[in-house]
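Novice: Handing you a structure now.
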Amino acid sequence: MFPMLAEERFSLILDLLARQRTATVQELCEALNASESTIRRDLNELDKQGKLNKVHGGATLPDSPFRTDEPTMAAKEELAVSQKQSIAQAAAELILPEDFIYLDAGSSTLALARALSGPALNASYVTNGVAHARLLAQKGCRVFLPGGLLRPQTEAIIGAAALTAIQQYNFTKAFMGANGVALDSGFTTPDPEEAAVKAAVIRRAREAWFLVDDTKFAQVYPAVICDLHSGAILTNRCPNPKYRQYTLIKETEV
């Protein structure tokens, strides 16, 4: 069997990353039947070409171009279920009885509402998520809803009235959702009006935590919420250590 040409290896490396977004050097050695030194040279070259990000022990895909797709709330609840549950449990443990919490609309934050128990139920909550408000009320929590326009796609309350209502509060902690997280673009979402509400909340919060599973990294959407410095990240797994240069990251899979 003839040794594989460099261009063939490059193609296979990128194909594997396209399927799983990250790969270790060991995985690539086994997949391509190549030595560790060969794979490391290939990764260095592909990193120079901007086709991947070389990280300690492996590689990840670079940040993607714009995305504009937006699944419904029901569809999002079916995605990355176990990851969202582990993130939600870790987030719930951060909530104290004396906290005044903002809970953003979205499927990851709805998982947090489901995970609340014990002392966290004695905290006070503001949410722009209709499903979140209902669940919090059923658990006996003190919950406030802003006025505004209900966006059917995400079941989130948005608009001028919501922005005005948010200015009346100071939050000890805000738990936020985002569709994408990228090194250059920060936290993003498809809809500018939702992004405006999220940004307003972050300005009123002592701590802002973005609950994002690992599929949302290196994804960019049209509407910017804030840069990476403005919020900490709570995730199941951060695929690229470069994010740690910009903000605090807590992982549930250690």
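The values are calculated or read from the model by the stated rules, or taken from the named source; none is laboratory data. Because the structure is predicted, anything quoted here is derived from the model rather than measured. In this analysis, Cβ positions are derived from the backbone assuming ideal geometry, glycine residues included, and neighbour counts consider all displayed protein chains. All accessible areas refer to the heavy atoms of the entire protein, side chains included, with ligands and DNA or RNA removed. Shrake-Rupley method; radii C 1.70, N 1.55, O 1.52, S 1.80 Å.
Novice: Measure nothing but the geometry: give the 0 to 90° angle between the long axis through the Cα atoms of 36-48 and the longest principal axis through the Cα atoms of the chain, rounded to 10°.
Specialist: 60
Novice: Here's a follow-up. Taking all protein chains together and a probe of 1.4 Å, list VAL81, VAL201 from the most accessible to the least accessible.
Specialist: Greatest to least solvent exposure: VAL81, VAL201.
Novice: Can you give the FRET efficiency to the nearest 0.05 for GLU253 and LEU96, using r as the Cβ-Cβ distance and R₀ = 25 Å? Intermediate results must be reported in sequence, preceding the final value.
Specialist: Details: r = 25 Å, r/R0 = 1.00.
For R0 = 25 Å, the calculated efficiency reads 0.50.
Novice: If the limit is 29 Å between Cα atoms, which of LYS51/LYS198; LYS76/LYS173; LYS76/LYS250 go over it? Can you show the working numbers first?
Specialist: Values: LYS51/LYS198 32 Å; LYS76/LYS173 24 Å; LYS76/LYS250 22 Å.
Where the Cα-Cα span goes over 29 Å, the pairs concerned are LYS51/LYS198.
Novice: Under 12 Å from the Cβ of VAL197, count the other residues' Cβ atoms, weight Lys and Arg +1, Asp and Glu -1, and hand me the total. Show your work: numbers first, answer last.
Specialist: Details: positive: ARG151, LYS198, ARG203, ARG204; negative: ASP104, ASP191, GLU193, GLU194.
Computed value for this residue: 0.
Novice: If you roll a 1.4 Å probe over the heavy atoms of the protein chains, what accessible area per residue do you get for region 1-55, in Å²?
Specialist: Working: 3560 Å² over 55 residues.
That works out to 65 Å² for each residue.
Novice: Over what distance in Å are the Cα centres of region 173-236 and region 129-149 separated?
Specialist: Taking the Cα centre of region 129-149 as reference, the centre of region 173-236 is 21 Å away.
Novice: Cα extents of the chain along the three principal axes, largest first, in whole Å?
Specialist: Over the chain, Cα extents along the principal axes are 69, 35, 31 Å.
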